[in-house]
Amino acid sequence: MTRPSARILAIAGLVLTLAVSAAGQFRGGGFGGRFPPRLPTAESFDGGFHYCRGMYRSGRRDGSGNGWTTDYPDADINFSIRLSELTKTTVTRRADNEPDHLTVPLTDPFLFQCPFLMMTDVGELSLNAQESEALRQYLDKGGFLWVDDFWGSWSWDMFEREIANVLPPAQFPIRDLDPSHQIFRVLY
């Protein structure tokens with residue numbers, strides 16, 4: 001083997017090692033990847049906390065997003081672990097001790113078993129009439145929706161158009177909270 005070939009093999013080996021190491025740090029993949037959605041069943045709910053991720057159809061592709069699968073399942077697991085470490089909240093766990101996070105279609109009746117619903121990368125959100133109605137009922141019954149991971153004003157505009165079908169702006173206007181609002185001072 002000539003010296004340049006040995007160098008190329010050494011570089012290729014280093015690149016492969018780094019790629020495998022990086023893959024181990026971030027599991028990623030989401031639906032269609034290595035991690036299919038973890039749908040709820042009647043046995044899922046035992047009174048403990050479940051991180052419930054809302055599933056939705058993407059109405060457009062965001063340059064850096066993956067729709068509802070953004071950061072799935074890593075964010076679900078991390079949030080649940082940190083919640084159990086930092087509070088006295090009982091987080092439901094699976095037999096392997098991993099938090100039992102759930103992925104819930106918006107029209108699934110089990111949605112109403114989730115007091116907390118997380119929806120990520122909602123700049124891609126596209127809701128049909130049934131999903132809009134189910135989400136409205138969920139919120140009317142006291143469900144809590146957390147949306148996150150916006151990528152620019154066009155992402156916010158897309159979300160605002162879709163959530164208007166759930167919460168009409170005439171009744172439920174979206175308004176910015178100024179930094180002096182008490183919600184930003186609850187823990188301090």
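Does segment 60-143 come out rounded, prolate or oblate by the C-alpha gyration tensor, with a ≥ b ≥ c the root eigenvalues, rounded set by a/c under 1.5 and, if not, prolate when a/b is larger than b/c and oblate if not? Judged from the Cα gyration tensor, segment 60-143 comes out oblate (a/c at least 1.5, b/c at or above a/b). When only alpha carbons of segment 41-182 are considered, Rg and Dmax amount to 15.6, 47 Å. Size check on segment 120-188: the Cα extents along the three principal axes, sorted descending, read 40, 30, 23 Å.
Can you classify segment 40-93 as rounded, prolate or oblate using the Cα gyration tensor, where a ≥ b ≥ c are the square roots of its eigenvalues, rounded means a/c under 1.5, and otherwise it's prolate if a/b beats b/c and oblate if not? Show your work: numbers first, answer last.
Values: a/c = 3.97, a/b = 1.75, b/c = 2.27.
Verdict is oblate for segment 40-93.
Taken together, the values in this text are just the output of simple stated rules run on the coordinates, not laboratory data. The model shown is predicted, which means the values in this text are computed figures rather than measured ones.
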